[in-house]
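Reading through the structure tokens given below for one structure.
Readers should treat all values here as calculations from the given coordinates under stated rules, not as data from a laboratory. Values in this document were obtained by computation on a predicted structure and should not be read as measured data. Cβ sites come from the backbone with ideal geometry, for glycine too, and all protein chains shown count toward neighbours.
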């Protein structure tokens, strides 16, 4: 169930260029159903909209959850100024994540781009716990924006790409994918829409799950701000990213 | 003992606070947060004759003290609203107001006729003020003769009272209100959003895919208060007031200006519990201003 609470910031640090990790404490982590869900944060009481940020890790027993975010505008810039001990107005956990309990994967490929990487970490940890082999491809702009490479390496093999080649392989995540053919049976991806489209085209034929980002309004499924079209023939014709997603099986929505 | 309840055409309200159309879906999502029976009423999302997909995304953008939206009246169409959405709402002890939209007078009439026959629907809110669709919508809300014509025909087709939702995108709001009063409206609902735009400075293009969107939130509250104040003086119809309400003091300001009840819109996005919290806080706020009946507060600024 979604709840709204004032969560305490128990740690907050910069981990890469414009990128921060924040750990929050409260009752909300106990409500998390799957990796891939998000929290909807009201950064300043004078803001008109909350900011959706995916859950990067959680420890429901301890009541903590981790978010990783990048400064992209006024809201995230204000968030970066907050300190340990401060409280944040958080609504969540929202949406439906990666339904790992109903997936029959044995070897998983995770493909993350930029600030789409975070939800894949909590996913990777849970897949690993279920005995599923995890291979990860992470794409970033350049060396300064790389984060969580080591964290993923503890869970399996990792390939890093940067657009300018300043770190890892030069190019995009899709350039690595042909080399990994046959090393996985199911893939999971999160990143910008263009990347998700390219990844799903390259990995056509595999079972895949995509986490989509969009500007949200209410974040609870009521306002229809974040809809995405479903393929022709679908009874409803659309999905709400915040409520039906943000994770969809490939082909369930039009990218 | 404070008396929160009041009666308006078609509506027995246990309190004067309700969620605004488009900000509350068909209620189901918010029923996870609190008991919908606590609400004065519920104004559901706009219904059109056929299924509408709405505008491309992005559909929302934050602004100073407000937000822009251009959803484009996405809805499953009147028939599926009646079959799939209204049965759930009938479980609650709260009057439901249906927002009726269309591209043509015929479509408005068709929707009004169908949905007003449902026993769950106690009144219609005639949406002649949506700024985010290419046909219909606000074109009916900015031309007094068209507004009167659609009001007259919907009134004839409807089984329940009709509240006409006025657009603030006009120079003479009193003229519009008088026109729909003369055409037989039972009440007014005001105001809808103001047309606005925000640009993305990197792309040098509008943020919202539809380019323009409807501005809502605290930024438009003074406009709503002014328009309700002016209309209250000239028109003898009850007004459901809306536009940027976030606090109980905002509600009192709307009542004093001339609203009989209020609707809370964008604030539901920021805080999904807002309507319930305002209802809980309202009696104490009434007492603070020396009132024990909502009815005595309506139009308080004009005496």
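At a glance:
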item	result
Spin-label pair residue B:34/residue B:236, simplified geometry with 7 Å Cα→Cβ offset, distance in nm	3.7
Cα pair distances in chain B, grouped into 20 Å bins until the bin that holds the longest one, percent each	37, 59, 4
Fewest-first ranking of A:215, B:203, using other Cβ atoms within 10 Å as the exposure measure	B:203, A:215
Of every Cα-Cα pair in the stretch B:1-151, the percent that sits beyond 23 Å	40
Hydrodynamic radius of the stretch A:1-128 per Kirkwood, over alpha carbon pairs, in Å	14.9
Inter-probe distance in nm under a simple model that places probes 7 Å from Cα toward Cβ, at residue A:234 and residue B:285	4.0
Neighbour-count ranking [beta-carbon atoms within 10 angstrom, fewest first] of B:251, B:279, A:9	A:9, B:279, B:251
Residue of A:47, A:185, A:27 that the Gaussian network model of chain A assigns the largest fluctuation, springs spanning Cα pairs under 10 Å	A:47
Cα-Cα P(r), the stretch A:35-98, percent of pairs per 5 Å interval	4, 15, 27, 29, 16, 7, 1
Pair residue A:252, residue A:11: separation of 7 Å Cα→Cβ label points (nm)	3.3
Rg followed by Dmax, in Å, when the stretch A:100-213 is reduced to its Cα trace	12.8, 39
Ratio of Rg to Rh over the stretch B:109-186 (Cα coordinates, Kirkwood Rh, two decimals)	0.97
With eigenvalues of the C-alpha gyration tensor scaled by 5 and rooted, the stretch B:33-101, Å	24, 19, 9
GNM top mover of B:75, B:91, B:169 - chain B, alpha-carbon springs below 10 Å	B:91
Rounded Å value of the spacing that divides the Cα centres of the stretch A:154-212 and the stretch A:1-79	25
Per-residue [θ]222 nm for chain B (sum of -39500 (n - 2.57) over DSSP H runs n ≥ 4, rounded to 500)	-8500 deg cm²/dmol
DSSP-defined beta bridges in chain B - what % are antiparallel, rounded to 5	40
Rg over Rh, two decimals, the stretch B:192-303 (C-alpha only, Kirkwood Rh)	1.07
DSSP bridge orientation in the protein assembly as shown - percent antiparallel, rounded to nearest 5	50
Sum of -39500 (n - 2.57) over DSSP H runs of 4+, divided by residues of chain A (222 nm, nearest 500)	-4000 deg cm²/dmol
Largest-first principal axis extents of the Cα set of the protein assembly as shown (Å)	74, 50, 45
Ascending count of other beta-carbon atoms within 10 Å, so fewest first, for A:87, B:302, A:243	B:302, A:87, A:243
Chain B, relative contact order in percent, only Cα pairs under 8 angstrom and at least six apart counted	20
With eigenvalues of the C-alpha gyration tensor scaled by 5 and rooted, the stretch A:114-171, Å	22, 11, 8
In Å, descending, principal axis extents of the Cα set of chain A	48, 46, 34
Rounded to whole Å, sorted largest first: equivalent-ellipsoid semi-axes of the stretch A:62-117, Cα gyration tensor	29, 16, 11
